[in-house]
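Bear in mind that the values in this text are calculations on the coordinates, not laboratory data. Computed from a prediction, not measured in an experiment: that's the story for all the values here. Glycine also receives a Cβ, built like all others from the backbone with ideal geometry; neighbour counts cover every protein chain displayed.
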Amino acid sequence: MAQTPSLVVTAKSVTLSVSAVGTQPFTYQWYKNGVAIVGATNQTLVIATSRPTGTYYVIITNSVGQMKSGDVKLSNTTSTSASDITITRK
């Protein structure tokens, strides 16, 4: 069983991005802790918050079906001195 990647966040924002290959067009829906994030329907999700704690994933859909990405677990510290962080799952 694969482990969920985990990241301790000290940045002001986090960017999660996926890349899909197959029959286009694709639609995207991002989730936090199993709940759909309203309006989060792009290939990239920018979490511009000081408290991004949670488990994130995206469901990608096309005419053939749908696929769930791997989970990314984010937790934060109280520091806000770091730069932005970008995470790319391939």
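Site pair residue 68 and residue 21 shows an inter-label distance of 2.3 nm when each label is modelled 7 Å from Cα along Cα→Cβ.
Extending 7 Å from Cα along the Cβ direction at residue 41 and again at residue 55 yields two label points whose distance is 2.6 nm.
Once the Cα gyration tensor of segment 11-74 is diagonalised, what are the square roots of 5 times its eigenvalues, in whole Å and ordered largest first, as equivalent ellipsoid semi-axes?
22, 11, 10
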